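Peer 1: Before we start, here is the structure in question, set down as structure tokens.
Only the coordinates and a few stated rules stand behind these numbers; no lab work does. In this text, all values refer to a predicted model and were calculated from it rather than measured experimentally. Note that each Cβ is placed from the backbone with ideal geometry, even for glycine, and that neighbours are counted across all protein chains shown.
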Amino acid sequence: MGKFTSEELLKMNDKYGAHNYHPLPVVIEKGEGVWVWDVDGKKYMDMLSAYSALNQGHCHPDIVNVAKEQVGKLTLTSRAFHNDKLPLFLKKICEVTGMEMALPMNTGAEAVETAIKAARKWAYTKKGIQKYNGEIIVFENNFHGRTITIVSFSSEKQYKDGFGPFTEGFKLIPYNDINALKEAINENTIGVLMEPIQGEGGIIIPEKGYLKKVKEICKKNNILFILDEIQTGLGRTGKMFAWQWEDAKPDMIILGKALGGGIVPISVVCSSNDILGVFKPGDHGSTFGGNPFACAIALKAIEVIEKYKLPERAARLGEYFMKKLRTLKNPVIKEVRGRGLLIGMELKEPARKFAEELKEEGLLCKETHDFVLRFAPPLVIKEDEIDWAFEKIKKVFEK
């Protein structure tokens, strides 16, 4: 196969690929740390981290070495048999999350579906809600994935347009509104499913104490507090998990993205024996869930986060980056907000054109919710690299 130019590959993609994405017109072929190179040899800084799946950076050598070793040894057994890596992963992820039991899947959306199934079965077998009257409370501007059930409770019209009929059993309420939550709870409430920071929703950070209040309300009403930390977990916000900012430990936590070290999809639901113990053989499963290749990589991915103190780096460098961004004086900038290295710059104009201009300057980021530029580099980024990025951002906004 010969070498193709960016233009040729973009045309090929447009012709043969379904148009369900609107990516920036760049074709990447190599990555290392926070840097990537396109097929024409141009170098860029990655300020998106594949939506936080690359917290450890592109092709982290520790993780790559484990992947190479495992791929030549054993990659898949299915769950019909045991493999030697899954028990080690389950033990480690329970220790890291402070939970008793874990159920591995592949993608984030699969893990969210798993959490919903577990919560429902717990409600009918343990809590005593009448089958199938249970409701899970969810929040406006949520993003938990793209399956039919998950888009059923999205407040984003496009995510639902043309995809009905939808799954019932969800109650949508405003985010960051404790009174709305109190009013939404009734005898059929199973639990609350939420993101501690809404990522796709525009980097929406609730007011201080909100998460802890949600947890207390859940406990008081004997309903489940379920946190989707697929994007916020594993160091991104400056702590291993975003709930640790308020000591609001959930009953169930959902992880994915960076768990696979940017190499392979792996996700997991962690909870108590009481909750995940509702599953019996045959209730739920996945051919690739818990495969030894993904588990070996996930073990090393977690080790890299701990060994190189990536949550602490994210906390320190996130503050440093936001402080610099807030010095920009431009009427188009409405607000800079974030936690750790999950940063949103809300604009008064559509953010897409700024993302396109930054690409020309060698910095890759993406708009979310039309008016927000998301800056979320790999957590291995260095201070001088943030300085470099800031100069590019400054240049574009001074234009």
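Peer 1: Using a 10 Å cut-off around each Cβ, can you sort Asp384, Asp370, Asp38, Asp46 from fewest to most neighbouring Cβ atoms?
Peer 2: Details: Asp384 8, Asp370 11, Asp38 18, Asp46 22.
Starting with the residue having the fewest Cβ neighbours, the order is Asp384, Asp370, Asp38, Asp46.
Peer 1: If the cut-off is 24 Å between C-alpha atoms, which lysines fall inside it for Lys300, apart from same-chain ones fewer than 8 positions away?
Peer 2: Lys30, Lys68, Lys73, Lys85, Lys91, Lys92, Lys239, Lys257, Lys309, Lys382
Peer 1: What aspartates and glutamates does Lys366 reach when the alpha-carbon gap must be under 15 Å and sequence neighbours fewer than 8 apart in one chain are set aside?
Peer 2: Of all the aspartates and glutamates, those that pass the test against Lys366 - Cα under 15 Å, at least 8 places apart if same chain - are Asp46, Glu200, Glu346, Glu349, Glu356, Glu357.
Peer 1: So between Ile217 and Asn186, what do we pick up on full extension, going 0.36 nm a residue minus the alpha carbon distance? Present the calculation step by step, with values, prior to reporting the outcome.
Peer 2: Numbers: separation 31, 0.36 × 31 = 11.16 nm, distance 1.22 nm.
Gain on stretching Ile217 to Asn186: 9.9 nm.
Peer 1: Expressed in nm to one decimal, what extension gain is obtained for the pair Asn20 and Lys382 from 0.36 nm per residue of sequence separation less their Cα-Cα distance?
Peer 2: Values: separation 362, 0.36 × 362 = 130.32 nm, distance 3.40 nm.
That pair, Asn20 and Lys382, stretches by 126.9 nm at full extension.
Peer 1: Next up: Using Cβ counts within 10 Å as a stand-in for footprinting exposure, how do Ser78, Ser6, Ser154 rank, fewest first?
Peer 2: On the way: Ser78 13, Ser6 16, Ser154 23.
So the residues, fewest neighbours to most, are Ser78, Ser6, Ser154.
Peer 1: Given that just one value was derived from the coordinates, which of (i) 34, 26, 21; (ii) 32, 28, 17; (iii) 39, 31, 18 is semi-axes √(5λ) of the Cα gyration tensor in Å?
Peer 2: Correct label, based on the coordinates given: (i).
Peer 1: Something else: Sort 53-62, 230-239 by the packing proxy (mean of other Cβ within 10 Å over each peptide's residues), most packed first. Walk me through the numbers on the way to the answer.
Peer 2: Working: 53-62: 22.2, 230-239: 26.7.
Going by the mean number of other Cβ atoms within 10 Å, highest first, we get 230-239, 53-62.
Peer 1: Further, regarding this structure: Let me know the charge dipole size of the stretch 1-86 about its Cα centre in debye, to the nearest 20, where only the beta-carbon of Lys, Arg (+1) and Asp, Glu (-1) is charged.
Peer 2: On the way: 10 positive and 11 negative charges, 51 e Å.
Using Cβ point charges on Lys, Arg, Asp and Glu, the stretch 1-86 gives about 240 debye.
Peer 1: Shifting gears a bit: How far is helix 61-71 tilted off the main Cα axis of the chain, in degrees rounded to 10, range 0 to 90?
Peer 2: Relative to the chain, helix 61-71 is tipped by roughly 60 degrees.
Peer 1: Nearest 20 debye, what's the magnitude of the dipole of the chain about its Cα centre given +1 on Lys and Arg Cβ and -1 on Asp and Glu Cβ?
Peer 2: Working: 57 positive and 53 negative charges, 110 e Å.
Result for the chain is approximately 540 debye, rounded to the nearest 20.
Peer 1: A further question on this structure: List the GluC sites (Glu not before Pro) within the stretch 1-96 that DSSP assigns to loop and that have no more than 11 neighbouring Cβ atoms inside 10 Å. If you can, show how the numbers build up before the last one.
Peer 2: Numbers: sites: Glu7, Glu8, Glu29, Glu32, Glu69, Glu95; in loops: none.
Counting only loop positions with at most 11 other Cβ atoms within 10 Å, none of the GluC sites (Glu not before Pro) in the stretch 1-96 qualifies.
Peer 1: Post the alpha-carbon centroid distance, the stretch 68-131 to the stretch 316-358, in whole angstrom.
Peer 2: Cα centres, the stretch 68-131 to the stretch 316-358: 37 Å.
Peer 1: Right, here's the next one. Set the Förster distance to 35 Å, then compute FRET efficiency between Glu32 and Lys208 from the Cβ-Cβ distance, nearest 0.05. Intermediate values should be presented prior to the final figure.
Peer 2: Details: r = 38 Å, r/R0 = 1.08.
Computed FRET efficiency for Glu32 and Lys208: 0.40.
Peer 1: Here's a follow-up. Using only the alpha-carbon atoms, how far is helix 310-325 inclined from the longest principal axis of the chain? Give it as 0 to 90 degrees, nearest 10.
Peer 2: With rounding to tens, the tilt is 50 degrees.
Peer 1: Next question, about the same structure. Suppose a student asked you for the relative contact order of the chain, using Cα pairs under 8 Å spaced at least 6 residues apart; what percent would you report?
Peer 2: Values: 784 pairs, mean separation 92.2, N = 399.
With pairs under 8 Å counted, the relative contact order is 23 percent.
Peer 1: Could you compute the net charge surrounding Pro206? Neighbours are other residues with a C-beta less than 12 Å from the C-beta of Pro206; K and R count +1, D and E count -1. Provide the component values of the computation, followed by the final result.
Peer 2: On the way: positive: Lys208, Lys212, Lys213, Arg337, Arg339; negative: Asp177, Glu195, Glu207, Glu246.
The answer is +1.
Peer 1: Continuing with this model, one more query. If the chain between Ser155 and Tyr320 were fully stretched, how many nm would it gain, using 0.36 nm times the residue separation less the Cα-Cα distance?
Peer 2: On the way: separation 165, 0.36 × 165 = 59.40 nm, distance 3.37 nm.
Here the segment from Ser155 to Tyr320 would lengthen by 56.0 nm.
Peer 1: Between Thr147 and Lys171, what is the label-point separation in nm under the 7 Å Cα-to-beta-carbon projection?
Peer 2: Distance between label points: 2.3 nm.
Peer 1: Would you please give the residues with an amide H less than 5 Å from that of Phe170, counting only those at least 5 places away or on a separate chain, with H modeled from the backbone geometry?
Peer 2: Correct list: Ile136.
Peer 1: I've got another one for you. Let me know the shape class of the stretch 138-265, please: from the alpha-carbon gyration tensor, a ≥ b ≥ c as square roots of the eigenvalues, rounded when a/c is under 1.5, otherwise prolate if a/b is greater than b/c, or oblate. Provide the component values of the computation, followed by the final result.
Peer 2: Values: a/c = 1.66, a/b = 1.02, b/c = 1.63.
Oblate.
Peer 1: Of all DSSP beta bridges located in the chain, what percent are antiparallel, nearest 5? Working shown, then result.
Peer 2: Values: 31 of 47 bridges.
Antiparallel bridges make up about 65 percent of those DSSP assigns within the chain.
Peer 1: In the stretch 17-52, which residues have a backbone nitrogen under 11 Å from the label point lying 7 Å from Phe4's Cα in the Cα-to-Cβ direction?
Peer 2: Label zone hits: 17.
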